[in-house]
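Participant: Just dropping this structure here.
The values are calculated or read from the model by the stated rules, or taken from the named source; none is laboratory data. All of these numbers come straight from a predicted model, not from anything done at the bench. So basically every Cβ, Gly included, is an ideal-geometry build from the backbone, and we count neighbours across all protein chains shown. Note: areas computed on protein heavy atoms with side chains; ligands, DNA, RNA excluded. Shrake-Rupley method; radii C 1.70, N 1.55, O 1.52, S 1.80 Å.
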Amino acid sequence: MADYSAAAFAVLEHLGISQAIVAGISMGGYITMQMLRDAPGRISGLILIDTRERADSDQAREDRTKTIAEIQKQGIQPIIDAMLPKMVVNEPRRMPFRRVMMAATALGMIAAQRAMMSRPDSTATLRGVRVPALVVGGDRDPITPPGDVRRLAALIPRAQLTIIDHAAHASSFDQPEAFNRTVTEFLGMRFGSK
């Protein structure tokens, strides 16, 4: 996660951006939490989507090791086909999201699994957040269910929580109108954007 965080900050440096509202979905949430550890003063706002603060359990790490072995043996397609129903419940949006997932490479998916299995717990990091924060989850997300999202939101002082109806793990893709409305309202209320 530290490498991903450093890469994100390098992009901000390249663009001349000293502070940013940072959003992360799923693994992107883990990267966002790492960015908070690395340079909290550079984060002016926070949006965490379909993610959790806890490190992987022993079982989760074992499952990721099995996933890596399956990718090495069979490629990415079987993993994507198994994951797709957990990602999107809105049937017309499934095939477009599958195309997004199929753009990944085997090496990229393996690197992501290894990064996620070694990520630290972010409970203390989130308790220290002092910027406006929005936490979003899907009501049908089997990967980070609503209970996990509520627990995460409760750690952040004054965080706004939204559970999106009829959405799975990729809630922003599954229900884009509801997601965009939630984010727009949060930005307008907390940062004065229209």
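Participant: When you go through M95, M83 one by one, which is the residue that is free of Cβ contacts under 8 Å to residues at least 40 places away in the same chain and in contact with a helix residue (DSSP H, G or I) (Cβ under 8 Å, 6 or more places away or on another chain)?
Facilitator: Result: M83 is the single residue among M95, M83 that is free of Cβ contacts under 8 Å to residues at least 40 places away in the same chain and in contact with a helix residue (DSSP H, G or I) (Cβ under 8 Å, 6 or more places away or on another chain).
Participant: Look through A111, A60 and report the one residue that is under 20 Å from P146 (Cα atoms), aliphatic (A, V, I, L, M) and part of a helix (DSSP H, G or I).
Facilitator: Going through A111, A60 in turn, the sole match is A60.
Participant: Would you mind telling me which numbered condition in (1) under 20 Å from the mean Cα position of the chain (by Cα); (2) of a type in the set (A, V, I, L, M); (3) surrounded by 14 or more Cβ atoms within 10 Å (Cβ to Cβ) A82 fails?
Facilitator: Only one criterion in (1) under 20 Å from the mean Cα position of the chain (by Cα); (2) of a type in the set (A, V, I, L, M); (3) surrounded by 14 or more Cβ atoms within 10 Å (Cβ to Cβ) is unmet by A82, namely (3).
Participant: Oh, and also: For the subset of the range 65-79 comprising residues that are surrounded by 14 or more Cβ atoms within 10 Å (Cβ to Cβ) and hydrophobic (A, V, I, L, M, F, W, C), which member is nearest to H169 (Cα to Cα)?
Facilitator: I79
Participant: Of the residues A69, A7, A82, A60, which is more than 17 Å from M109 (Cα to Cα) and hydrophobic (A, V, I, L, M, F, W, C)?
Facilitator: A7
Participant: Still on this structure, please answer the following. Just one of (1) surrounded by fewer than 19 Cβ atoms within 10 Å (Cβ to Cβ); (2) out of contact with any Pro (no Cβ under 9 Å at 6 or more places or on another chain) trips up G128, so point out which.
Facilitator: All conditions are met except number (2).
Participant: Let me ask another. V100 is checked against (1) closer than 17 Å to G24 by Cα; (2) buried (at least 16 other Cβ atoms within 10 Å of the Cβ) and fails just one. What number does that condition carry?
Facilitator: Of everything listed in (1) closer than 17 Å to G24 by Cα; (2) buried (at least 16 other Cβ atoms within 10 Å of the Cβ), V100 misses just condition (2).
Participant: Which of the residues that make up the range 158-180 are part of a loop (DSSP other than H, G, I, E, B) and surrounded by fewer than 19 Cβ atoms within 10 Å (Cβ to Cβ)?
Facilitator: Listed by number, the residues that qualify are R158, A159, D165, H166.
Participant: How many residues are out of contact with any Ser or Thr (no Cβ under 7 Å at 6 or more places or on another chain) and surrounded by fewer than 22 Cβ atoms within 10 Å (Cβ to Cβ) if we restrict to the range 24-46?
Facilitator: 8
Participant: Continuing with the same structure: Given V131, V136, V89, V183, which one is touching a strand residue (DSSP E or B) at 6+ places or on another chain (Cβ under 7 Å) and assigned to a loop (DSSP other than H, G, I, E, B)?
Facilitator: V131
Participant: What is the residue count in the range 143-157 for residues that are assigned to a helix (DSSP H, G or I) and open to solvent by 40 Å² or more (accessible area, probe 1.4 Å)?
Facilitator: The total comes to 4.
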